[in-house]
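First up is the structure itself, then whatever we jot down about it.
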Amino acid sequence: MDHVARDGMLFSREGADDIRVSGFRTALSAENIGKMDIVVFVTKAYQLRGAIIGAMPCCGENTVAVSLINGLGNEDVLQEFFPPERCIYGSGTIATMLPEPGHCKGFPPKGTMINYGPVKPSAYTDAAGKFLHDKFAAGGCPTLYTYDIATLVWKKAIHNSAVNTVSAVTRLPQGCVEDNEFGRKLYRQVIAEGIAVAKAKCGIDIDPDEFINSFFLPVISTGHDYFPSMCQDMLMNKRRTEIDSLNGAIAEYAQQFGIAAPTNAVLAQLVSCMQDSYDKQYKD
Amino acid sequence: MKIGIIGAGATGSVFGGYLRRGGADDLSFVDIYKAHMDAVNNDGLLFTVIGEGEYRYTDIKAYTDPAQAGILDAAIFITKANQLRSAVKNALPCIGPDTVAVSLINGLGNDEVLEEFFPREHIIIGSGVIGTELPEPGHCIAKPVSGVNMNFGALKKSEASERVCCYLYEHFKAGGMNPMVYEDVMPVIWKKVIVNCAVCGCCSVLGLKEGPIEDNIYGAQLYRKVIGEACAVAAACGYPIDADDFTEHVFKNVIKGNYDYYPSMAQDMLIYKRPTEIDALNGKIAELGRRFDIATPVNEAIALIVKCRQDNYDKIYPNG
């Protein structure tokens, strides 16, 4: 915050020249900074509730709350504090780094970089959505504001529940798992259970073959040797993972709706146990 | 009685050492580990029993080629479960029409593999519970635990199997083990398998020792589910075991004693990067679950993770 306030932010993007953007106001807390029209939450999923509580001093009766956080259930957390007609949720597909204070780096993919949409469409959400869409676009970041955000969020969550988690427990790059018959079976089981839960919880119809062929496999094949973010959390940085908002959420919703998601449940338990026990794990 | 130990690694050598210490006088080792076979032939087997002493036996014959061993009265297989079929095929030159086959290998399905080659009347199965090591060629170490540490019994009672059971019982006992022979050995095998499904499966995937898993709320749930599914499958196979009672027994009597220990399959997966016995443990439970239409998702997921990993040791983080 100090660097950004003093020098602005050095903004690097792969494939473009570095620029320095200034004009940010920074604060370490939301006390005494006035009421915001839009508050965008970009924490880890398990930090969202705490972040909202911390942000309440800058939220007024017209504030639109936006979650751009991976995983399932973030919209439910927003609605604990805001009415649905003032909630927007979604997530980005851009890889990011913060190599040092005051310096951030983006790895922009081709096409749309952020998908988001209203929990319940209203004049508030549509105005906020249009503002974000226009400013992101002018900043070089194409986004999609859509009323069908639930389908996009679920597809991404199902994808990540398969790829992130299975890669993490097998300790293998995402493509190596797909190349192996047993890894492929785990991926398929996680996806099939996730699709059934998306239907039960939100009435979303996702065709399994279409999902695998046009959503899942293209991502895996472009990053065959990539360790997804949960692997980075679990294997490299020994951090708490986002398992609760991925496989854990799928397993919990499944239980609520009385359907079976046992593979997601066991994967969630395995990862939960591991992230509690990094200090005791075998080290090569 | 002419006894052959087929698969004389750490465990095979220790079991052979006990038989020899108990007076077995015509003992052969068969293993592809040439340096170990040469050392046993040249300098004898150095047999260390922790807390008891060191012994050297110079009259054990050791072979890398089973054909040279001659026809055996009893062939005791102590390979990994996944190696048993090829070990039996390889050992056929020392198998005669009267040879009794003994599997002292952990896991389920070893009896079925032996039945592909031997009549039921000539099959004995069992398993030992004793820590073993082979620190260098020619030297094996036994780490005996108290209580019964060798269980076995005939698949189908016969004069031949009875004779071998008696011989093994007497010589294991005289050698310092605490053996037990069963009319129906299958319940004992099942219990050992269920314990191993829990500790071997979970420790291998989680990279944790036995105790810390039980200490963790999610780890303890995983143990319970693995044991619960396996007990349901055991019941379907005709061996009812109460899941709650057995889980308490495992927590109280097994894991506490091995708190700070990686079970052998976890050692294979984490330390040595070797093929594991997963197919004879969690994989077998999942397979039998499908056969009997019993849900075994936790055992199946563990089996799939272990199988995917052991196919890709060269690519695993951080060494891949």
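Things to note:
- Efficiency of FRET between A:Leu98 and B:Arg274 - r from beta-carbon atoms, R0 51 angstrom, step 0.05: 0.80
- Overall dimensions of region B:29-106 by Cα: Rg and Dmax, Å: 13.7, 41
- Lysines whose Cα lies under 19 Å from that of A:Lys135, excluding same-chain neighbours fewer than 8 positions away: A:Lys105, A:Lys110
- Relative to the compact-globule estimate of 2.2 N^0.38 Å, the Cα radius of gyration of region B:102-169 comes out at 1.28.
- Alpha carbon centroid spacing (whole Å) that separates region B:238-275 from region A:46-113: 43
- Legend: mean number of C-beta atoms from other chains within 10 angstrom of residue C-beta atoms, peptide B:214-220, equals 5.
- Convex hull volume of chain A per residue (C-alpha atoms, cubic angstrom): 147
- For region A:203-231 and region A:146-184, distance of Cα centres in Å: 6
- Above 38 Å, the calculated P(r) of chain B contains 12 percent of its Cα-Cα pairs.
- Kirkwood's formula applied to the C-alpha pairs of the protein assembly as shown gives a hydrodynamic radius of 27.4 angstrom.
- Radius of gyration and Dmax over the Cα atoms of region B:1-143, both given in Å: 14.1, 41
- Here the average projected area of the convex hull drawn through the C-alpha atoms of region A:104-241 stands at 9.7 nm².
- Note on region B:78-204: percent of Cα-Cα distances in each 5 Å bin, starting at 0 and stopping at the bin with the largest distance, equals 2, 10, 18, 22, 22, 16, 8, 2, 0.
- Counted by Cβ distance under 10 Å from B:Cys94, the other residues give a net charge of 0, where Lys and Arg count +1 and Asp and Glu count -1.
- Residue mean of other protein chain beta carbons inside 10 Å, B:57-63: 0
- Shielding score for A:264-271, defined as the mean number of other chain Cβ atoms within 10 Å: 6
- Of the peptides A:271-280, A:226-235, the ranking by mean beta-carbon count within 10 Å, highest at the top, reads A:226-235, A:271-280.
- For B:Lys2, a cut-off of 16 angstrom between C-alpha atoms picks up these lysines, skipping any fewer than 8 places away in its own chain: B:Lys61.
- Percent breakdown of C-alpha pair distances by 5 Å bin, ordered from the shortest bin, for region A:3-43: 5, 18, 18, 22, 21, 9, 5, 2
- Listed residue pairs exceeding 24 Å between alpha carbons, taken from B:Lys80/B:Lys191; A:Lys44/A:Lys238; A:Lys280/B:Lys256; B:Lys192/B:Lys315; A:Lys280/B:Lys252: B:Lys192/B:Lys315
- When the P(r) is computed for region A:16-149, the part past 23 Å accounts for 35% of the Cα-Cα pairs.
- Along each principal axis, taking the top coordinate minus the bottom one, the Cα set of region A:207-284 gives 41, 36, 17 Å in descending order.
- Net charge contributed by nearby residues that have their C-beta within less than 14 Å of A:Gly23 (K/R +1, D/E -1): +3
- Computed over the alpha carbons of region A:135-189, Rg followed by Dmax gives 15.6, 46 Å.
- Of the beta bridges in chain A, as assigned by DSSP with both residues counted there, near 45 percent are antiparallel.
- In whole angstrom, region B:139-264 maps to an equivalent ellipsoid with semi-axes of 30, 20, 11, each derived as √(5λ) from the alpha carbon gyration tensor and ordered largest first.
Each value in this text was obtained by applying a stated rule to the coordinates, not by laboratory testing. Computed from a predicted structure; not experimentally measured. Quick reminder, even Gly has a Cβ in these numbers, built from the backbone with ideal geometry, and neighbours come from all protein chains shown.
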